[in-house]
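Student: I am attaching a structure below and will ask some questions about it afterwards.
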Amino acid sequence: MQKGFHEPVEKPRRFYKTVEVVEVEGGFGVRLDQRNLRTPKGAPLVLPTRAAAGQVAADWDAQGEHIELAVMHANRLANTAIESIPQARAATADQVASFAGTDVLCYYAEEPASLVARQRQRWEPVLQRAERELGVSFVRAAGIVHRRQPEATLAEVKALALGLDDFRLAGLAFGTALFGSAVLAIAVQRGWLTGPEAFELSRVDESWQEEKWGVDAEAAERAERLRGEAQMLERWFRNLDAA
């Protein structure tokens, strides 16, 4: 075998025919044929609402001949909420606060004026709502030089994250990384913005560049994939809020 050559990884074959949501002790689970779904470490997969379990079930039901675990984002969020978050709540909240400390919405371009104007028009309403409803303040900066956010703001964002249950906290952490913004993730969690709206706000700079220089096919494909993840995250939060 040539040095450095790797055999392609064989994706697992679909081993079930039916997928259904079932009521279980403590909430709702997903049943594949007659077997209740468990997390990779063997814990029962139990979600707090039928709608949230239905979103995970839809991930499994959408699989074809082979199982594409990489695109099963709701299933991954459920596993993270059950297996990882309970032992790492403080570290996860710190991660969310860290994104608030370098939030994409707080870093405006220095030029051109048309881009700066677009950033202010689209970002300021969200920042101001966050400041008003969360009781915090954010420092705006021009350029890429880091500006430290107030300690009180970071502490409040961490406290907000810690106040969420494990399933919502898993979603919030996913959103901060997806958007590069704790503010946008909070906005989706609280219903201020849809997932796609938040995603578009996270890439105002990229959209402006595309208008000027055209759209790269590979970048467009990546953006579409991430937009789908943002839509999934919105559904995740809404399903957790469902009665």
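Student: Which one of Gly135, Gly171, Gly214 is out of contact with any Pro (no Cβ under 8 Å at 6 or more places or on another chain) and under 22 Å from Leu47 (Cα atoms)? Spell out how you get there, then give the answer.
Tutor: Working: Gly135 fails: under 22 Å from Leu47 (Cα atoms); Gly214 fails: under 22 Å from Leu47 (Cα atoms).
Every option except Gly171 fails the conditions.
Student: Ok, one more. Just wondering, is there one or more residues in region 75-85 that are modelled with pLDDT of 95 or more, outside the structural domain of Asn36 (by TED's automatic domain parsing) and basic (Lys, Arg)?
Tutor: No; the residues of region 75-85 include none that is modelled with pLDDT of 95 or more, outside the structural domain of Asn36 (by TED's automatic domain parsing) and basic (Lys, Arg).
Student: Given the criterion among the small types (Gly, Ala, Ser) and closer than 30 Å to Val145 by Cβ, identify the matching residue among Ala52, Ala58, Ala43, Ala91.
Tutor: Working: Ala52 fails: closer than 30 Å to Val145 by Cβ; Ala58 fails: closer than 30 Å to Val145 by Cβ; Ala43 fails: closer than 30 Å to Val145 by Cβ.
Exactly one of Ala52, Ala58, Ala43, Ala91 is among the small types (Gly, Ala, Ser) and closer than 30 Å to Val145 by Cβ, namely Ala91.
Student: How many residues does region 137-159 contain that are surrounded by 14 or more Cβ atoms within 10 Å (Cβ to Cβ), touching a residue at least 40 places away in the same chain (Cβ under 8 Å) and hydrophobic (A, V, I, L, M, F, W, C)?
Tutor: 3
Student: Considering only region 210-239, how many residues are without any contact (Cβ under 8 Å) to a residue 40 or more places away in the chain and not polar (S, T, N, Q)?
Tutor: Total satisfying the criteria: 18.
Student: Regarding Ala109, is this residue on the phi < 0 side of the Ramachandran plot and loosely packed, with under 13 Cβ neighbours inside 10 Å?
Tutor: no
Student: Go through the residues of region 189-198 one by one and say whether even a single one is in a helix (DSSP H, G or I), under 18 Å from the mean Cα position of the chain (by Cα), surrounded by fewer than 21 Cβ atoms within 10 Å (Cβ to Cβ) and not acidic (Asp, Glu).
Tutor: First pass over region 189-198, keeping only residues in a helix (DSSP H, G or I): 189, 195-198.
Filter once more, so that each one left must be under 18 Å from the mean Cα position of the chain (by Cα): 189, 195-198.
Next, from what is left, pick out any that are surrounded by fewer than 21 Cβ atoms within 10 Å (Cβ to Cβ): 196-197.
After this cut, where a residue has to be not acidic (Asp, Glu) as well, the list is 196.
Looking for residues that are in a helix (DSSP H, G or I), under 18 Å from the mean Cα position of the chain (by Cα), surrounded by fewer than 21 Cβ atoms within 10 Å (Cβ to Cβ) and not acidic (Asp, Glu), one finds at least one in region 189-198, hence yes.
Student: Hey, among Thr39, Thr92, Thr49, which residue is assigned by TED's automatic domain parsing to the domain that holds Ser202 and within 23 Å of the chain's Cα centre (by Cα)?
Tutor: Exactly one of Thr39, Thr92, Thr49 is assigned by TED's automatic domain parsing to the domain that holds Ser202 and within 23 Å of the chain's Cα centre (by Cα), namely Thr92.
Student: On to the next question. Here is a check on your reading of the model: is Leu134 over 30 Å from Arg50 (Cβ atoms) and either surrounded by 11 or more Cβ atoms within 10 Å (Cβ to Cβ) or of a type in the set (Ser, Thr, Tyr) (or both)?
Tutor: yes
The values are calculated or read from the model by the stated rules, or taken from the named source; none is laboratory data. Quick caveat, the model's predicted, so the values are computed rather than measured. Quick reminder, even Gly has a Cβ in these numbers, built from the backbone with ideal geometry, and neighbours come from all protein chains shown.
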